[in-house]
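Data first, discussion second: the structure below is written as structure tokens.
The values are calculated or read from the model by the stated rules, or taken from the named source; none is laboratory data. Just so it is clear, the structure is predicted and the values come from calculations on it, not from any experiment. Because the Cβ atoms are built from the backbone with ideal geometry, glycine has one as well, and the counts that use them run over all protein chains shown.
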Amino acid sequence: MPRSIQHSLRVVVAGGHGQIALLLTRALSVRGHDVVGLVRNPDHVADVEAKGGTAVVIDLEHTDVDHLAAVLDGADAVVFAAGAGPGSTAERKYTVDRDGSILLAQAAEKAGVRRFVQISTARAGSPAAQGSTPVWVAYLDAKEQAEAALRDTGLDWTILRAGALTDGPGTGRVTLAGRHVPRGSVPRTDVADVVAELVVSGAAVRRTLELTTGQVPISTAVAATGT
């Protein structure tokens, strides 16, 4: 069973203004951890701060490894929660969802930050359904390539494939396993709480996990994944 990390952590969250990222910032900050949210738009700084974090304005599509590594210097963990978002082009699925994750992993290695949690999708690794839009096909492909690139690093990575995301209240109970997880949905709040537990506990290193709503309390489910 993994041992919880008791000291305060510095956690950098890429895509810091996303819905899950803001929920994660609150979840970690109320536990006494220092959260730095990376945001592209200066107008989003206040939202990160309102959740208890500190914001750094940096555009993953227009920066380099050295600059990003300097931002990560001194961090204990990095979370990739970025995404091109609804309405974006197929091209941006690659430049954000894939290339942004790869760049962040490279910067983490350069800065000596070993712990890396990547928020992915339960559909990654599966072919898109017949008739899917080019943007959806690109999204799944970008996520799969981002996962593959992360697995090739020497980082202490965890890939979290979340089910269909909902905005309902969190249940605090999930199904979390490396395989045989039926397709389902999960509230964003529970995704954030699972990521927070993964970061703080240090569990599930070099494992790919699938997540949906279930019956097991989050802390128990994460502990069961091992170190």
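Those residues that are outside any strand (DSSP E or B) and among the aliphatic types (A, V, I, L, M), I need them from region 110-119; list them, please.
Taking region 110-119 as the starting set, the residues that turn out to be outside any strand (DSSP E or B) are 110-114.
The answer is ALA111, VAL113.
Could you please find all residues in region 167-178 being more than 17 Å from SER120 (Cβ to Cβ) and either in contact with a Cys (Cβ under 6 Å, 6 or more places away or on another chain) or not small (Gly, Ala, Ser) (or both)? Walk me through how you get there before you give the answer.
Keep residues of region 167-178 that are more than 17 Å from SER120 (Cβ to Cβ), which gives 167-173.
Answer for region 167-178, where residues must be more than 17 Å from SER120 (Cβ to Cβ) and either in contact with a Cys (Cβ under 6 Å, 6 or more places away or on another chain) or not small (Gly, Ala, Ser) (or both): ASP167, PRO169, THR171, ARG173.
Yes/no matrix, rows are residues, columns are (1) of a type outside the set (S, T, N, Q); (2) closer than 16 Å to ALA108 by Cα; (3) touching a His at 6+ places or on another chain (Cβ under 8 Å):
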| site | (1), (2), (3) |
| --- | --- |
| ARG31 | yes, no, no |
| ILE58 | yes, yes, yes |
| ALA75 | yes, yes, no |
| VAL79 | yes, yes, no |
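When the residues of region 156-175 are filtered to those that are buried (at least 20 other Cβ atoms within 10 Å of the Cβ) and touching a Phe, Trp or Tyr at 6+ places or on another chain (Cβ under 9 Å), which remaining residue is nearest to VAL113 (Cα to Cα)?
If we take residues in region 156-175 being buried (at least 20 other Cβ atoms within 10 Å of the Cβ) and touching a Phe, Trp or Tyr at 6+ places or on another chain (Cβ under 9 Å), then TRP157 is nearest to VAL113 (Cα to Cα).
Which pairs have Cβ atoms under 9 Å, sit 6 or more apart or on different chains, and link a residue in region 78-89 that is within 16 Å of VAL48 (Cα to Cα) and assigned to a loop (DSSP other than H, G, I, E, B) to one that is basic (Lys, Arg) and modelled with pLDDT of 95 or more?
Going by the 9 Å Cβ cut-off, the qualifying pairs are ALA82/ARG40.
Given the conditions (1) in contact (Cβ under 8 Å) with a residue 24 or more places away in the chain; (2) closer than 22 Å to ALA124 by Cα; (3) surrounded by fewer than 19 Cβ atoms within 10 Å (Cβ to Cβ); (4) among the small types (Gly, Ala, Ser), which single one is not true for GLY100?
So the condition that GLY100 fails would be (3).
State whether the residues of region 120-137 include one that is within 20 Å of THR166 (Cβ to Cβ) and in a helix (DSSP H, G or I).
Yes, the conditions are met somewhere in region 120-137.
Any residue that is among the aliphatic types (A, V, I, L, M), in contact with a strand residue (DSSP E or B) (Cβ under 8 Å, 6 or more places away or on another chain) and under 16 Å from PHE80 (Cα atoms) - is there at least one of those in region 181-192?
Residues of region 181-192 among the aliphatic types (A, V, I, L, M): 181, 186, 191-192.
Filter once more, keeping what is in contact with a strand residue (DSSP E or B) (Cβ under 8 Å, 6 or more places away or on another chain): 181, 186, 191.
Now narrow it down to the ones that are under 16 Å from PHE80 (Cα atoms): 191.
Scanning region 181-192 turns up at least one residue that is among the aliphatic types (A, V, I, L, M), in contact with a strand residue (DSSP E or B) (Cβ under 8 Å, 6 or more places away or on another chain) and under 16 Å from PHE80 (Cα atoms).
Search region 46-68 for residues being β-branched (Val, Ile, Thr) and in a strand (DSSP E or B), and hand back the single one that is farthest from SER29 (Cα to Cα).
The first filter runs over region 46-68 and keeps only residues β-branched (Val, Ile, Thr), leaving 48, 54, 56-58, 63, 65.
Applying the additional criterion that residues be in a strand (DSSP E or B) yields 54, 56-57.
Working: THR54: 10, VAL56: 16, VAL57: 19 Å.
Top of the filtered list is VAL57.
Which residues, counting only those in region 179-223, are assigned to a helix (DSSP H, G or I) and either touching a Cys at 6+ places or on another chain (Cβ under 7 Å) or of a type in the set (Gly, Ala, Ser) (or both)?
Keep residues of region 179-223 that are assigned to a helix (DSSP H, G or I), which gives 188-201, 218-223.
Once the filter is applied, which keeps residues that are assigned to a helix (DSSP H, G or I) and either touching a Cys at 6+ places or on another chain (Cβ under 7 Å) or of a type in the set (Gly, Ala, Ser) (or both), region 179-223 yields ALA192, ALA196, SER201, SER219, ALA221, ALA223.
Looking for whichever is surrounded by fewer than 24 Cβ atoms within 10 Å (Cβ to Cβ), small (Gly, Ala, Ser) and closer than 19 Å to ASP152 by Cα here; the options are ALA75, ALA111, ALA84, ALA105. Which one fits? Walk me through it before giving the result.
Details: ALA75 fails: closer than 19 Å to ASP152 by Cα; ALA84 fails: closer than 19 Å to ASP152 by Cα; ALA105 fails: surrounded by fewer than 24 Cβ atoms within 10 Å (Cβ to Cβ).
Exactly one residue qualifies, and that residue is ALA111.
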